[in-house]
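The values are calculated or read from the model by the stated rules, or taken from the named source; none is laboratory data. The structure displayed is predicted, hence computed values, not measured ones. Cβ atoms come from the backbone with ideal geometry, glycine included; neighbour counts cover every protein chain shown. Ligands, DNA and RNA are excluded from the accessible area calculation, which covers all protein heavy atoms including side chains. Shrake-Rupley method; radii C 1.70, N 1.55, O 1.52, S 1.80 Å.
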Amino acid sequence: MDELSDNAKENAYWNWLKGFEYDASDNRATLKAFEEIFKVKVSRWNYDAHTYNFQFTSHYSGEEEELCGVRLLKFIVNNYWHSLFKPKTYWHKKDFHKQRRSRISVTNDCVLTGYCADMDILKPIYDFLKSPDKHTNLYDLMNDCIDSFFRFCRDDVEYASNEEAFERDCEANGYEFLSNGEIFN
């Protein structure tokens, strides 16, 4: 790859990009898990390496949507605590088949599906729980969660399809190129 001219590298990258497919299945699973827990439905969404957009419908009552401040914090804790936090797991030092779950300590690491997008979609809620403000209501919080998720998706597509990703893919797969940048088989 290093022996190629800049023009050939660019040609190779664009040829690779034509066949590039982003696997969005983990992202879809995170969004579906979020929709199942919270009373929202996201529709008409799309994202790529540069933009994203979405629409969502809230199935909360008008009164619930307007909850804010400490009342919203209590609503979230009372209704969603066990979905947002899981008991911490401790593993035996010598035998990794033995484990125990804490009755006291909890974790919020990737609690929806085990994929890192879980952290991004739930980050606005965790931030709100740490510091509730009087101006954020439930509807705004759900919007912030979904916006944070699609921002993650956009950034992930950009990361997976940039020139550095192309170079990593070439190195991992041992691709060789002709002098014009076409893949040599």
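What to note about this one:
- Residues being more than 16 Å from the chain's Cα centre (by Cα), surrounded by 14 or more Cβ atoms within 10 Å (Cβ to Cβ) and not basic (Lys, Arg) - total across segment 38-54: 2
- Matching residues, segment 79-117, being assigned to a strand (DSSP E or B) and of a type in the set (D, E, K, R): Lys86, Lys88, Arg100, Arg101, Arg103
Residues checked against (1) modelled with pLDDT of 95 or more; (2) closer than 25 Å to Asp118 by Cα:
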| position | (1), (2) |
| --- | --- |
| Lys18 | no, no |
| Glu21 | no, yes |
| Lys32 | yes, yes |
| Glu35 | yes, yes |
| His59 | yes, yes |
| Cys68 | yes, yes |
| Leu73 | yes, yes |
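- If you go through segment 122-144 and keep only what is open to solvent by 60 Å² or more (accessible area, probe 1.4 Å) and touching a residue at least 12 places away in the same chain (Cβ under 8 Å), you end up with Lys123, Lys134, His135, Tyr139, Asp144.
- Looking only at residues in segment 73-121 that are over 21 Å from Pro132 (Cα atoms) and of a type in the set (A, V, I, L, M), the one that is least open to solvent (accessible area, probe 1.4 Å) is Ala117.
- Extreme residue, farthest from Asp156 (Cα to Cα), among residues of segment 94-132 that are of a type outside the set (A, V, I, L, M) and touching a Leu at 6+ places or on another chain (Cβ under 7 Å): Pro132
- Every residue from segment 142-183 that is closer than 30 Å to Cys68 by Cβ and touching a strand residue (DSSP E or B) at 6+ places or on another chain (Cβ under 9 Å): Met142, Asn143, Cys145, Ile146, Asp147, Phe149, Phe150, Arg151, Cys153, Arg154
- Checked against the criteria, Ala24 counts as in contact (Cβ under 8 Å) with a residue 60 or more places away in the chain, surrounded by fewer than 16 Cβ atoms within 10 Å (Cβ to Cβ) and either of a type in the set (Gly, Ala, Ser) or in contact with a Ser or Thr (Cβ under 7 Å, 6 or more places away or on another chain) (or both).
- Taken over segment 1-47, the criterion of being of a type in the set (D, E, K, R) and outside any helix (DSSP H, G or I) is satisfied by Asp2, Glu3, Glu21, Asp23, Lys39, Lys41, Arg44.
- Some residue of segment 145-162 being in contact (Cβ under 8 Å) with a residue 12 or more places away in the chain, assigned to a helix (DSSP H, G or I), open to solvent by less than 50 Å² (accessible area, probe 1.4 Å) and farther than 18 Å from Tyr52 by Cα: no
- Checked against (1) closer than 27 Å to Asn27 by Cα; (2) open to solvent by 30 Å² or more (accessible area, probe 1.4 Å); (3) touching an Asp or Glu at 6+ places or on another chain (Cβ under 9 Å), Cys68 passes all but condition (1).
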